[in-house]
1. Under 19 Å from a point placed 7 Å out from the Cα of F229 along the Cα-to-Cβ direction: which residues of the stretch 90-111 have their backbone N that close?
2. Checking the a/c ratio against 1.5 first, then a/b against b/c, what shape does the Cα gyration tensor give for the chain?
3. Just the accessible area per residue of the stretch 232-291, please: how many Å² with a 1.4 Å probe?
4. Of the accessible area of the stretch 4-87, with the probe set at 1.4 angstrom, what percent is carbon plus sulfur?
5. I'd like the antiparallel share, as a percent to the nearest 5, of DSSP beta bridges with both residues in the stretch 1-56.
6. With Cβ to Cβ distances under 15 Å as the rule, what net charge do the other residues near F227 carry (K, R +1; D, E -1)?
7. Explain nothing, just compute: Karplus ³J(HN,Hα) = 6.51 cos²θ - 1.76 cosθ + 1.60, θ = phi - 60°, for every residue of the stretch 247-260 in order, whole Hz, x for Gly and Pro.
8. Using 7 Å Cα-to-Cβ label points, what is the Y83/T139 separation (nm, one decimal)?
Amino acid sequence: MSWRTVVVETRSKLDYKMGFLVVRNEKIERIYLDEIAILMIENPAVSLTGCLLNELIKKKIKVIFCDEVHSPISELLPSYGSYDTSRKIKSQIAWGDDIKSLVWTEIVAEKIRNQALFLDELGKSDEARHLRNFVDELTVGDKTNREGHAAKVYFNALFGQSFTRTSDNAMNSALNYGYSILLSAFNREIAMHGYLTQLGLAHDNMFNYYNLSCDLMEPFRILVDRFVFHSNFQEFGTDEKHKLLELVKTTITIDDARQSLLNGIKIYVRSVFMALNDSDVSKLKFYRENE
């Protein structure tokens, strides 16, 4: 099972040789590809061989590229993640509005429940009760935007009444960075299953390449929120970004078993596609953190 997160920070040349990632800079390091879950290229001066890129795709290793300020800017995704991609895309296009709305409603409800559980952990029972009321008020497709109302109550409870998600501060930078890591994981799983990330359930921005990923990741955002809250970042630089990468080592409970976060995302994403293809929301499998 792949488990390592490899971060390349300095000017290097990356190559492939006999099953290993070879990193050449002032010294030469070799890392077995089958151990790598995530490869993050933090320095734009890093060069990679075509041979290595080909093997990274074959091994389904998540590769994230960063810009000059070390923020994720792009990622490596296969063009065809499944042998029957054409069939999967046809089924995706054929998903009816009713089942998409029902699945989206369940996703939103689960997201708000997770937010309420976290507030309970922090002793903010009044705000948690308020969020649960939003769940009770949910309509199919969340046409009254209970998700948005819940988010305002939730973030104000976490970070104070003056906090907004548009503020330029360390907490927001950390949240955005953590969400980008999650988004990359969902992009990979969706592509591996043979579906298009552009075609979402509720997210429908013509400029967003990852509408479906943004939909599916919603219940998992709480993992980033908890990590950032307890870290209490006063600034957000390279060291803090590396600390956030520890998120991928999180373990969760899903389908009655403890799983790594990446395996849990795989199980959850598969269940979403089963629910959509079979028009049966009972097939959705959500995770739990403390069981």
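1. 108-111
2. Numbers: a/c = 2.00, a/b = 1.30, b/c = 1.54.
Judged from the Cα gyration tensor, the chain comes out oblate (a/c at least 1.5, b/c at or above a/b).
3. Values: 3050 Å² over 60 residues.
Result: 51 Å² of accessible area for each residue.
4. Details: 2330 of 4700 Å².
Carbon with sulfur: 50 percent of the solvent-accessible area.
5. Details: 10 of 17 bridges.
If I count the DSSP bridges inside the stretch 1-56, around 60 percent turn out antiparallel.
6. Values: positive: R221, R226, K241, K243, K249; negative: E121, D225, D239, E240, E246, E289.
Charge balance in the 15 Å sphere: -1.
7. Result, rounded to whole Hz: 3, 5, 8, 4, 10, 9, 9, 8, 6, 6, 8, 6, 9, 5.
8. 4.6 nm
The values are calculated or read from the model by the stated rules, or taken from the named source; none is laboratory data. Only a predicted model underlies this, so the values are computations on that prediction, with no experimental measurement involved. Note: ideal-geometry Cβ built from the backbone for every residue, glycine included; neighbour counts use all protein chains shown. Surface areas here come from the heavy atoms of the whole protein model, side chains and all, with no ligands, DNA or RNA. Shrake-Rupley method; radii C 1.70, N 1.55, O 1.52, S 1.80 Å.
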